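Note sheet for the following structure.
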Amino acid sequence: MKELSAHLCCLLFLVASFVPLGAKGQDNAATQPDSLVEIQSLPRLKDIYAKDFLIGTCLDFYSPDTYSARDLEVIKSQFDVATPENSMKPGNIHPSEGQWDWAAADALMKFCQENSIQVTGHTLVWHEQTPNWFFLDANGDKASRQQVLARLKEHIETLVGHFKGKVKGWDVVNEVVRDRPDPNTENLRPSRWFHAIGSDYITWAFKYAHEADPNAELYYNDYGIEQGAKHKSSMLLLKRLIHDGAPITAVGIQGHWSLRNLPYKELDQAIADYQSLGLKINISELDVTLTGSGGGQLNPGGNAGASATPASGGVSSRRRRFPTPEQLQAQADGYAKLFQIFQKHKDAIIRVTFWGINDHHSWEAGRRPLLFDGQDNPKPAFRAVVQAKD
Ligand code: XIL
């Protein structure tokens, strides 16, 4: 029945979508009473892909008016699961020793519970957005291995414990493989965690998280690990973690890609490789930018502050035309191919999470990477993902 209504919905949508999206007055759309009905009557990705994997987004509730009524409607109607974009990161939630700032993360949990949206935690251990106090002693000198390990334990126990039974799974460690290629080794990033503790900090993090919530799924999350040297290093790392008894459920392939470098073949193979280790897969931060080179590094080409115009700049007439229909169609084709690959591996994939709800609420806002535009109108990419359902 659910499937039938999803298909009917698709059909109505495909007919309706012959009206050019740009023809809808964008300002009007946000204020008209029927503007929410318009969103409610779209096909729902979470229903269309219900038998394959969960569909997710990232969210944060730092202020009550972060999201418009239309944004909220998109969130509630399209997504099964949410990842906090920033509010559970160490720097945000645990800014200094003994100080915990739960407000935004608790608000997210409340919203998700009220709207039957599951929550995945992000992220317990990372080299970014992590304050220095973790690594310093009382004199401001380098803390001992013992002290940093104790802090790692306390951080994970308290955070995972706070949300015990409420979080589906945690990104336990984020982005630990280095970018500079060294495919024959684990090639661990020389982060403050690595320097303070050594390469076993990753195993410890998984063990502490498992002790704090034995029912939560636990993930290793990274960018670029679906291809090349980073993929090889990630395989070595995962084999070691499994051998050392780290309770790991899945690998998160972040999926920050651009139209220039969609790695279809490599992704297909990487999913199979991880599955051969007995692991599940999350596509954990999916976006496909129209411009730029993709990747997941913070600020490689200025992503976090990406402007509303193409990164390459250009003459003003070009700017006015951004995004072009051709770019939007290429993005739609790219997303369709990705969803074909995801469906092929539906037995391995737990969830596909978009990194944002629309082209406004995105860390790559200027490069228009998502399925909805800044006013929550569905883009050609949305249609393509709907139609990609086999
Ligand atoms: C990004 C957020 O989207 C931004 O708001 C923040 O300024 C920086 O972090 N990989 C990750 C995410 O694992 O946590 C990052 O999120 C994007 C790259």
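Since every read-out is calculated from the coordinates, none of them should be taken as a lab result. Since the model is a prediction, treat every value here as computed from it, not as a measurement. A quick note on method: Cβ atoms are made from the backbone with ideal geometry, for glycine too, and the neighbour counts reach across all protein chains shown.
Annotations for the structure displayed:
- Whole-angstrom gap from region 373-389 to region 219-246, using each part's C-alpha centre: 32 Å
- Restricting the calculation to Cα atoms, every distinct pair contributes to the Kirkwood radius of the chain, found to be 21.7 Å.
- The chain, relative contact order in percent, only Cα pairs under 8 angstrom and at least six apart counted: 15 percent
- Two-site FRET efficiency, E154 against N215, from Cβ-Cβ distance with R₀ of 22 Å, rounded to 0.05: 0.55
- Mean separation of Cα contacts under 8 Å, 6 or more apart, over the residue count of region 213-278: relative contact order %: 46 percent
- Cβ-based net charge around S284, under 10 Å, with every Lys or Arg adding one and every Asp or Glu removing one: -2
- GNM result for the chain, Cα springs below 10 Å: residue of P325, P84, P247 fluctuating most strongly: P325
- Counting every other Cβ atom within 10 Å of each residue's Cβ, T249, T158, T291 order from fewest to most as T158, T249, T291.
- Alpha-carbon centroid distance for the pair region 182-202 / region 78-119, whole angstrom: 28 Å
- Filter on K89/K232; K265/K379; K153/K337 - keep pairs with C-alpha separation over 31 Å: K153/K337
- Against the empirical 2.2 N^0.38 Å (N residues), region 53-172 has a Cα radius of gyration ratio of 1.17.
- Considering only H345, H231, H195, the mean-square fluctuation computed in a Gaussian network model of the chain, springs between alpha carbons under 10 angstrom, is largest for H195.
- Theoretical gain in end-to-end length, V37 to D65 [0.36 nm per residue, Cα-Cα removed]: 8.0 nm
- Mean Cβ neighbour count within 10 Å, used as a protection proxy, ranking 102-108, 284-290 highest first: 284-290, 102-108
- Peptides 122-129, 45-52, 362-369 ordered by average Cβ neighbours within 10 Å, highest first: 362-369, 122-129, 45-52
- Dividing the summed -39500 (n - 2.57) terms of all DSSP H runs of n ≥ 4 by the residue count of the chain sets its mean residue ellipticity at 222 nm at -12000 deg cm²/dmol.
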